[in-house]
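Student: Quick one: the structure is below, and I'll ask about it shortly.
What follows draws every value from the coordinates through simple rules; no lab data is involved. These numbers were taken from a predicted model, which means no experiment stands behind them. Here the Cβ positions follow ideal geometry from the backbone for every residue, glycine too, while neighbour counts run over all protein chains shown.
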Amino acid sequence: MVSMTDVAIIMGSESDRHIAKGAIEILENDNIEYDVRVISAHRNPEELDKYLKNSDAGIFIAIAGLSAALPGVIASRTSKVVIGVPVSSKLGGLDALLSTIQMPKGVPVASVGIDNGVNAALLAIRILDLGKQENFQEIPR
């Protein structure tokens, strides 16, 4: 039996692995099928296109710093959900945050806070759980 990958985590650089680890832990704790790759939108655009075309993931978590082009590039090539995680490599991560959230119309990218791979995984799980009333849980305030 072939299992479907629910979430693909794509890092722009191996140096982003520490951010991915938080997301991976959350996905594993919830038994979510995932795949992890390092593919730069700038250095490996053909490899990224091939991966996106062949991936069965329903949600992409894109982790990138500096210009943080990766989330937008992914969103421009798929109609699937893309969650951007800006990384604090320069300017405290504000450059990556602004690059992640300032997408043109028609290229939607959800974004979580700087270095917050955990929230990206939690958001992915909530998206996967949409419509499953049995998974509804009141959040304590």
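Student: For SER67 and SER15 in the same chain, what is the full-extension length gain: residue separation times 0.36 nm, less their Cα-Cα distance, in nm?
Tutor: 17.2 nm
Student: How high is the relative contact order of the chain, in percent, with contacts defined as C-alpha pairs under 8 Å that are six or more residues apart?
Tutor: 24 percent
Student: If you don't mind, there's one more thing I want to ask. Taking the simple approach of a point 7 Å from Cα along Cα-to-Cβ for both GLU33 and SER55, what is their distance in nm?
Tutor: 1.5 nm
Student: Now for a different question. Let's see if you can work this out: charge +1 on each Lys and Arg Cβ, -1 on each Asp and Glu Cβ, no other charges. What is the dipole magnitude of the chain about its Cα centre, in debye to the nearest 20?
Tutor: Numbers: 13 positive and 17 negative charges, 97 e Å.
So the magnitude is around 460 debye.
Student: OK, next. Can you bin the range 7-128 into rounded, prolate or oblate? Criterion: square roots of the alpha carbon gyration tensor eigenvalues sorted a ≥ b ≥ c, rounded for a/c under 1.5, prolate for a/b above b/c, oblate for the rest. Can you show the working numbers first?
Tutor: On the way: a/c = 1.33, a/b = 1.09, b/c = 1.22.
Judged from the Cα gyration tensor, the range 7-128 comes out rounded (a/c under 1.5).
Student: I would also like to ask the following. Evaluate E = 1/(1 + (r/R0)^6) for LEU91 and ASP129, where r is the Cβ-Cβ distance and R0 equals 25 Å; express this FRET efficiency to the nearest 0.05.
Tutor: Computed FRET efficiency for LEU91 and ASP129: 0.10.
Student: Let me have the relative contact order for the range 44-108, percent, based on Cα pairs under 8 Å that are six or more residues apart.
Tutor: 32 percent
Student: Calculated from DSSP H runs of 4 or more alone, at -39500 (n - 2.57) each and per residue, what is the 222 nm mean residue ellipticity of the chain, nearest 500?
Tutor: -11000 deg cm²/dmol
Student: Turning to a different aspect of this structure: Which length gain, in nm to one decimal place, applies between THR78 and GLN102 when the Cα-Cα distance is subtracted from 0.36 nm times their residue separation?
Tutor: On the way: separation 24, 0.36 × 24 = 8.64 nm, distance 1.76 nm.
Extra length from THR78 to GLN102 when fully extended: 6.9 nm.
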